[in-house]
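I have placed the structure first, in the form of structure tokens, so that the comments after it can refer back to it.
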Amino acid sequence: MEIVSIYIKLMNEFRKLLNNLDKDPAILKLQNKFYNFYIFNFLKLILNPLKVVRYLLQKLIFFVNFYIYFQSQKKIQLSKNQKNNNNFFIIICLQGLPYQYIQIWNILKKKIFYDYEFHALSNKKNYLINLYLKILKIKILYIEDIVKNDQKYDLKISDLKNLLTEQDYLNFFYKDLEIGKIALGTYFRSEISGEILISTENKKNIDQMIISLSKNYSCIKNFFKNSSYRAIFITEIFIEEYALIAKTAFDYNIKLIRFNFTAKDDSMIINKVTLNNYRKHHASITHNTFNRIEEKNFDLINKIVIKNFEDRYSDKWSLSRRNQLLASSYSKNEIYKKLNINPNKKIGVIFSHILYDLIYAYGSDVHNNYFNWLGYTMQIVSKLNNTQWLLKVHPSNVWRNELHNQLQGNYEEERVLKKFLGEIMPSNIQLISHKIDILPYELMKIADACITIRGTAAIEMATMGKIIISAGTGRFDDFNFVNIAKDSIEYEKMLKNFDDGDLSQFYSAEQTVKNSKIFYYGLFHCKPIKLPFINVKIQKFKKKALSLDDFNYLYDKDNLSNFENLKNYVLDDKYNDDLLDEDSI
């Protein structure tokens with residue numbers, strides 16, 4: 001019996017090991033779970049021999065394209081006026097960072113910020129990233145060396161025993177850090193689950209994550225306290241150690257420069273993140289920017305908005321085209337017939353978010369999380385008699401391969417519908433998945449209202465004069481084109497008023513169109529800056545680009561766009577407004 005018991009325990013441990021094979025190593029470390037690069041990859045290859053070929057091909061493509069990039073950046077002529085007066089920037093290159101950011105930062109370092117020595121904060125198991133950094137001669141600091149285990153900490157597992165619900169965790173702080181919120185957001189993102197349920201099993205993982213984060217926070221604070229970094233270049237600020245670094249930057253008044261890609265392949269949105277704008281969506285604009293644009297000729301704004309809209313829903317940019325894979329254009333009547341829509345009833349489109357991604361990042365929401373927001377929304381609209389509703393799933397489920405690789409062929413939205421509505425779909429609701437090949441743009445045109453929290457569709461549909469109802473802040477606040485509910489009661493009332501045809505509480509179509517087009521112009525035309533000294537190319541051996549991994553960001557000496565603009569923005573200690581493309585405003 002003892003042998004059987006040992007065998008069962010070993011098999012259970014082996015199953016746990018297999019379940020962790022595809023998980024982010026950084027997450028496993030935070031949960032204090034076993035990870036070995038060589039063992040994990042060996043098991044992956046044994047379980048799926050085809051992965052051997054795929055793995056080798058991926059590495060071949062990587063090294064060929066790295067060689068192309070390396071030869072490109074070798075052409076950079078370093079400034080003769082280069083100084084190094086102990087001025088330092090640090091780039092955050094932790095687990096999961098696409099190496100394309102390093103391509104860009106390396107060129108910016110050599111052509112714009114040549115007076116500053118760049119260091120990189122990385123993980124020891126970031127093998128390809130670290131290879132990149134070493135060959136480019138960027139000094140690497142390993143987070144494992146910063147986060148030491150020989151110090152004493154004042155937070156213990158027993159301190160977390162009374163955290164039993166989502167709200168308990170959201171309210172839990174370690175010193176001045178929203179550590180409960182960070183841990184929940186990190187854990188459920190890694191689990192690819194938007195349903196925030198605390199069980200006996202996942203409580204152990206979340207609590208261990210809180211302990212690890214608290215230890216790491218103290219070490220990271222000590223590291224930056226004793227450093228002389230003038231700026232931090234970062235891509236993520238809400239989860240894992242990224243969130244700890246962001247909070248530390250605020251505490252020690254270190255400039256935090258966040259880089260995010262946009263629909264334009266050759267452009268980025270670059271924000272200075274401060275304690276004041278930390279919870280504001282990176283793809284928004286300030287009221288100063290809005291006021292500057294408002295002074296421009298509105299006919300010119302309108303013309304550029306229309307052209308930009310066309311470009312974003314065309315084949316011009318790969319990073320926007322990926323959101324409409326397999327989609328086709330249909331006439332209004334064809335869509336009505338295809339979806340069996342009643343032309344005599346108004347149509348509301350509910351644009352789902354990625355239900356497990358950055359759950360607690362921006363603003364404040366009527367509901368605790370995206371999963372519950374969508375569920376309660378579906379419950380409300382299922383009882384409305386005068387309107388019909390389309391639930392549009394987020395397109396990234398397809399191009400990020402999450403639908404099949406992690407969601408096992410089922411959308412999170414389907415889980416929401418099953419939980420909140422049961423097995424039978426109400427007759428006034430339709431799920432619009434990637435299998436329904438209608439362009440999102442065409443759905444917007446036939447609809448009368450858009451329901452979201454802070455999705456981009458709100459801006460797009462507002463430019464068409466549609467009614468926009470939102471259940472959260474952090475992106476459109478006080479721009480007077482999105483009707484933002486203060487609480488669940490007002491949110492339900494807005495949905496019912498739309499169903500009843502009572503539009504008196506909503507912004508007028510005229511006001512919605514004007515203000516949204518000013519906002520659109522600022523966000524999509526002005527805020528993405530064309531990257532200086534960069535020439536974007538689809539990688540060798542790839543026919544199309546669906547993500548950053550498919551691009552090479554090569555050196556281009558003739559592209560001087562935003563050279564001085566970006567330099568002044570980063571180095572100016574007082575200017576914290578939007579960085580705008582120099583040719584846009």
Number of the exception - Thr456 against (1) under 30 Å from Ser72 (Cα atoms); (2) among the polar types (S, T, N, Q); (3) under 22 Å from the mean Cα position of the chain (by Cα): (1)
Looking at (1) under 25 Å from Cys219 (Cβ atoms); (2) assigned to a loop (DSSP other than H, G, I, E, B), find the lone condition where Arg189 falls short. (2)
Considering only residues of the stretch 330-349 that are in contact with a strand residue (DSSP E or B) (Cβ under 9 Å, 6 or more places away or on another chain) and among the polar types (S, T, N, Q), which is surrounded by the most Cβ atoms within 10 Å (Cβ to Cβ)? Asn342
Only one of (1) in contact with a Lys or Arg (Cβ under 9 Å, 6 or more places away or on another chain); (2) at pLDDT below 70 fails for Ile61. Which number is that? (2)
Would you pick out the residues in the stretch 526-537 that are within 22 Å of the chain's Cα centre (by Cα) and closer than 13 Å to Tyr69 by Cβ? Val536
Please count how many residues of the stretch 192-215 are assigned to a helix (DSSP H, G or I) and within 23 Å of the chain's Cα centre (by Cα). 4
Can you list residue pairs whose Cβ atoms sit under 7 Å apart, with the first residue in the stretch 370-385 being modelled with pLDDT of 95 or more and the second being aromatic (Phe, Trp, Tyr) and assigned to a helix (DSSP H, G or I)? Count only pairs 6 or more apart in sequence or on different chains. Gly375/Phe420; Met378/Phe420; Gln379/Phe420
Specify which of the listed residues (Tyr67, Tyr153, Tyr101, Tyr55) is modelled with pLDDT under 90, over 25 Å from Asn36 (Cα atoms) and hydroxyl-bearing (Ser, Thr, Tyr). Tyr153
Those residues that are surrounded by 19 or more Cβ atoms within 10 Å (Cβ to Cβ) and of a type in the set (S, T, N, Q), I need them from the stretch 260-302; list them, please. Thr262, Ser267, Asn271, Ser284, Thr289
Go through the stretch 124-136 and count every residue that is in a loop (DSSP other than H, G, I, E, B) and modelled with pLDDT of 95 or more. 1
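Okay, residues lined up against (1) touching a Leu at 6+ places or on another chain (Cβ under 6 Å); (2) part of a loop (DSSP other than H, G, I, E, B); (3) at pLDDT 95 or above:
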residue: His282; (1), (2), (3): no, yes, yes
residue: Phe309; (1), (2), (3): no, no, no
residue: Ser320; (1), (2), (3): no, no, no
residue: Ile335; (1), (2), (3): no, no, no
residue: Ile347; (1), (2), (3): no, no, yes
residue: Ile350; (1), (2), (3): yes, no, yes
residue: His367; (1), (2), (3): no, yes, yes
Just to be sure, is Asp572 free of Cβ contacts under 8 Å to residues at least 12 places away in the same chain and of a type in the set (Asp, Glu)? yes
Tally of residues being closer than 18 Å to His394 by Cβ, in a helix (DSSP H, G or I) and either at pLDDT 65 or above or touching a Leu at 6+ places or on another chain (Cβ under 6 Å) (or both) across the stretch 322-333: 2
Kindly indicate the residue of the stretch 542-576 that is of a type in the set (A, V, I, L, M) and in a helix (DSSP H, G or I) and also surrounded by the fewest Cβ atoms within 10 Å (Cβ to Cβ) among those meeting that condition. Leu571
Inspect all residues belonging to the stretch 152-164 and state whether any of them is of a type in the set (Ser, Thr, Tyr), assigned to a helix (DSSP H, G or I) and touching a residue at least 40 places away in the same chain (Cβ under 8 Å). no
Among Asp168, Asp176, which is charged (D, E, K, R), over 23 Å from the mean Cα position of the chain (by Cα), surrounded by fewer than 23 Cβ atoms within 10 Å (Cβ to Cβ) and at pLDDT 95 or above? Asp168
Going through the stretch 350-373 in order, the residues found to be over 19 Å from the mean Cα position of the chain (by Cα) and surrounded by 23 or more Cβ atoms within 10 Å (Cβ to Cβ) are Ile350
Just need a number here: residues in the stretch 486-503 that are within 12 Å of Leu384 (Cα to Cα) and either out of contact with any strand residue (DSSP E or B) (no Cβ under 6 Å at 6 or more places or on another chain) or of a type in the set (Phe, Trp, Tyr) (or both). 8
Could you check the stretch 410-470 for helices (runs of 4 or more DSSP H) lying wholly inside it with 1 or more residues that are more than 20 Å from Tyr376 (Cβ to Cβ) and of a type in the set (A, V, I, L, M)? 440-446, 457-462
Selection within the stretch 218-247 - closer than 19 Å to Phe118 by Cα and more than 21 Å from the chain's Cα centre (by Cα): Ile220, Phe223, Phe224, Lys225, Asn226, Ser227, Ser228, Tyr229, Arg230, Ala231
Determine, yes or no, whether Asp581 is in contact with a Cys (Cβ under 9 Å, 6 or more places away or on another chain), within 24 Å of Phe298 (Cβ to Cβ) and not aliphatic (A, V, I, L, M). yes
Going residue by residue through the stretch 254-274, is there one that turns out to be more than 15 Å from the chain's Cα centre (by Cα) and more than 29 Å from Gly455 (Cα to Cα)? yes
Out of curiosity, is Ser122 in contact with a helix residue (DSSP H, G or I) (Cβ under 6 Å, 6 or more places away or on another chain), surrounded by 13 or more Cβ atoms within 10 Å (Cβ to Cβ), of a type in the set (S, T, N, Q) and free of Cβ contacts under 8 Å to residues at least 40 places away in the same chain? yes
Hey, Leu97 hits all of (1) more than 17 Å from Arg258 (Cα to Cα); (2) part of a loop (DSSP other than H, G, I, E, B); (3) of a type in the set (A, V, I, L, M, F, W, C) but one; which does it fall short on? (1)
Just to check your reading of the model, which residue among Leu319, Leu300 is hydrophobic (A, V, I, L, M, F, W, C) and without any contact (Cβ under 8 Å) to a residue 12 or more places away in the chain? Leu300
Which residue is farthest from Tyr132 (Cα to Cα), if the candidates are limited to the stretch 56-79 and must be surrounded by 14 or more Cβ atoms within 10 Å (Cβ to Cβ) and within 27 Å of the chain's Cα centre (by Cα)? Ile61
Please verify whether Tyr313 is out of contact with any strand residue (DSSP E or B) (no Cβ under 9 Å at 6 or more places or on another chain), of a type in the set (Ser, Thr, Tyr) and within 20 Å of Ala462 (Cβ to Cβ), treating the condition exactly as stated. yes
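The values are calculated or read from the model by the stated rules, or taken from the named source; none is laboratory data. For clarity, every value in this text was computed on a predicted model and none was experimentally measured. Quick reminder, even Gly has a Cβ in these numbers, built from the backbone with ideal geometry, and neighbours come from all protein chains shown.
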